[in-house]
1. How far, in nm, would the chain grow between residue 80 and residue 50 when pulled straight, counting 0.36 nm per residue and subtracting the alpha carbon separation?
2. Sort out the exposed loop trypsin sites (Lys or Arg not before Pro) in the chain (DSSP loop, at most 12 other Cβ within 10 Å) and tell me the longest stretch that has none.
3. Relative contact order for the range 9-127: what percent, with Cα pairs under 8 Å and sequence separation of 6 or more?
4. Any chance you could run the full-extension gain for residue 103 through residue 125? It's 0.36 nm times the residue separation minus the Cα-Cα distance, nm to one decimal.
5. Using 7 Å Cα-to-Cβ label points, what is the residue 110/residue 71 separation (nm, one decimal)?
6. Using a 10 angstrom cutoff on alpha carbons, build the Gaussian network for the chain and name the most mobile of 92, 34, 17.
7. For the range 6-56, what does the alpha-carbon gyration tensor say about shape, rounded, prolate or oblate, given a ≥ b ≥ c as the root eigenvalues, a/c under 1.5 as rounded, and a/b over b/c as prolate?
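Nothing in this text is a laboratory measurement; each read-out follows from the coordinates by a stated rule. Bear in mind that the values here come from a model prediction, so they are computed numbers and not experimental data. Neighbour counts run over all protein chains shown; Cβ positions are idealised from the backbone, glycine included.
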Amino acid sequence: MLAWSDDLDVGNPMIDSDHRHLVALVNQLAEALSTREAPAELGRILGELLTFTTAHFAREEQLMQRIGYLDFAAHKSQHDGLLSDIAKLQRSFHRGEIALSERSSAFLCEWLLRHIRTSDRLLGKVAGSLVAA
Ligand SMILES: [Fe+2]
Ligand SMILES: [Fe+2]
């Protein structure tokens, strides 16, 4: 499980509040996988994770464009990579490959922590408390 800690704060209230929700969703997914939750419940959490992650990335990207963020292209390509991984995870789930989903849920956790501590932290420093337009 992924515990929220203050070192995950990047200093932008919009981004930090989104990240708390993302961490909660990734934890819900990990827990549902480990307790062999019903497939319908797994599918619901996966769908919510994909929807929320898409919306969160869009908010960060709008913010980057608003402030003319120099690292926009590289940051967006990290987002696009993860969205395609989550979509793959969803497909493998629908094919019934639960073992793959468990590995992927661990991967999601690691990706999220690494991205928040590096790319999003830099963005938070530059954006301060600005919100997307
Ligand atoms: Fe983020
Ligand atoms: Fe990001």
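1. On the way: separation 30, 0.36 × 30 = 10.80 nm, distance 1.18 nm.
Gain on extension, residue 80 to residue 50, equals 9.6 nm.
2. Values: sites that count: 36, 95.
No qualifying site falls inside 37-94, the longest such stretch.
3. Working: 73 pairs, mean separation 52.1, N = 119.
So the answer I get is 44 percent.
4. Working: separation 22, 0.36 × 22 = 7.92 nm, distance 3.22 nm.
Separation in residues times 0.36 nm, less the Cα-Cα distance, equals 4.7 nm.
5. 2.1 nm
6. Looking only at 92, 34, 17, the largest GNM fluctuation is found for 34.
7. On the way: a/c = 5.08, a/b = 1.95, b/c = 2.61.
Here the range 6-56 falls in the oblate category.
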